[in-house]
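A short write-up of the structure that comes next.
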Amino acid sequence: MFTLDTRVSAAVGVFTVLAVVIVGLLVLPPEDSYSHKVRALPRTAEVCQARGGQWFESGNSGDFNCNLPTSDAWRRCNTSEECQGVCLAAHSDRNDADANRCSPAVLVFGCYEQIAHNMRWTTCRG
């Protein structure tokens, strides 16, 4: 038989787990939208080039990727989720404008400052 102490301890344990899950959902940022954008890029040279993209080899790995131009290039943005590529931070190496702007291509290489999840991030991609 369960005693009152056992039932109280079990209830406290359940509420603790629920609280941790709820706090985790509130604090954790959503899955990176950039990853979704990269996965959605064409996987063949033919499709890439037909959509106006550049088909290129990534480093020395033998892997090829497609980089598509964006139709929202240099449009004002508040976060990368609003852009087809990324939201380049204002007053940075890639964007010397007074406002955040959407990137001219989906893939952005090198180091750059972006606005994502309401924060300014320095990102480096090879």
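Observations on the model:
- Test: residue in segment 12-33 that is of a type in the set (Ser, Thr, Tyr), modelled with pLDDT under 90 and touching an Asp or Glu at 6+ places or on another chain (Cβ under 9 Å): yes
- Enumerated strands (runs of 3 or more DSSP E) restricted to segment 49-122, each holding at least 3 residues that are loosely packed, with under 15 Cβ neighbours inside 10 Å and in the same structural domain as residue 37 (by TED's automatic domain parsing): 54-58
- Whenever a residue of segment 86-97 is touching a residue at least 40 places away in the same chain (Cβ under 8 Å), its partners that are in a strand (DSSP E or B) and hydroxyl-bearing (Ser, Thr, Tyr), lying with C-beta atoms within less than 9 angstrom and at least six residues away or across chains, give the pairs 86/112; 86/123.
The values are calculated or read from the model by the stated rules, or taken from the named source; none is laboratory data. Because the structure is predicted, anything quoted here is derived from the model rather than measured. All Cβ positions, even for glycine, are placed from backbone atoms using ideal geometry, and neighbour counts span all protein chains on display.
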